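Below: the structure, in structure tokens.
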Amino acid sequence: MMKKIVLIFLAAVFAFGVLFTVSMLIAKTIMGSSETKLTDEEGVGLVEVRGMILDSKDTIRQLRYFLKKESVKAVVLRVDSPGGVVAPSQEIYEEVKRFAAKKKIIVSMGSLAASGGYYISAPATLIYANPGTITASIGVILKLSNIEALMDKIGIKSYTLKTGRFKDSGSPLRKLSAEDRAMLQAVIDNTHEQFVRAVAAGRKLPVEEVRKIADGRVLSGEQAKAMKLVDRLGTLQDAVEEAGRLAGIKDEPEVILPPTRKIDYWDLLVDGMEGRFSGALRNAAGGMRLMYEAE
């Protein structure tokens, strides 16, 4: 019996090893090489921000790489994002502002560059949008859930020990009190004001002018241009050519891609599993995150 158990265990270990090896080969094939061939010719760097803004590290790494690279005379920041978490959006904003103080950085908006996607664009040298780009959505959102009735229905009781009356504000396990609502609204209002000031500073517009349209509304690229939130209407290629002109590059500029990070496939697998698990836990617990996000 013991021999049979050992054989089953060894077979399971072998099967896992084979599955893991195949998974890593597939991942490597899908993601491609970790090294990007770069040119030493003068050109325009391309940095892309796609999807939800949940982290700033990779975008900042790419911008800093291009800032140090002498052959890169300007950068196009391609934004196709509905926004995301407040702090990473603010960190990218600050990096774009620092970059613009030393080299030209041109934003090219794709189909969607709203809320946090617009926030990170504001301090650029120039902003291009397509006429039909969905942009602006200057606002802050905080989503909370309440599962108190569900817990009662299935017979589960929850008890919270805390050090102050606001420590569990926003908990899905109790109703939001008037005091909770007022406190959280004050945080949202302050964060919204930070957004308004950042746009006003980045676009060199009066704060009151920005505040009039900072009610969460989305705008088309054409509407945004009329309201001075966008400089020009045009495509990614238009933005690349303008970046080259501003950088003094003759003819059509070479587009230079940033080097990709070397991938540790084991870490990738583990982090992916951990991220899914912790994300599920946060969602179940009603995790609180302020978002610059277009609904």
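Since every read-out is calculated from the coordinates, none of them should be taken as a lab result. Quick caveat, the model's predicted, so the values are computed rather than measured. Don't worry about glycine lacking a Cβ; one is built from the backbone with ideal geometry, like all the others, and counts go over all protein chains shown.
Spatially, region 171-219 and region 50-110 are offset by 23 Å when compared through their Cα centroids.
Fewest neighbouring Cβ atoms within 10 Å first, the residues Tyr159, Tyr292, Tyr65, Tyr93 line up as Tyr159, Tyr65, Tyr93, Tyr292. Look at the alpha carbon pairs under 8 Å that are at least 6 residues apart: their mean separation over the length of region 120-231 gives a relative contact order of 51 percent. Averaged over residues, the count of other Cβ atoms within 10 Å places the peptides 108-121, 49-62 in the sequence 108-121, 49-62, highest first. When the trypsin sites (Lys or Arg not before Pro) in region 109-164 are filtered for DSSP coil states and for at most 14 other beta-carbon atoms within 10 Å of their beta-carbon, the remaining sites are Lys143, Lys157, Lys162. For the residue pairs Lys103/Lys225; Lys97/Lys225; Lys57/Lys162; Lys103/Lys250, the C-alpha atoms sit more than 27 angstrom apart in Lys57/Lys162. Placing +1 on each Lys and Arg Cβ and -1 on each Asp and Glu Cβ, with no other charges, gives region 107-192 a dipole about its Cα centre of roughly 320 debye. For region 154-210, the dipole from Cβ point charges (+1 on Lys and Arg, -1 on Asp and Glu) about the Cα centre works out to 360 debye, to the nearest 20. As a calculated quantity, the FRET efficiency between Arg61 and Lys250 at R0 = 51 Å, using C-beta atoms, amounts to about 0.95.
When only Cα pairs below 8 angstrom with a gap of at least 6 residues are kept, region 55-151 shows a relative contact order of 27 percent.
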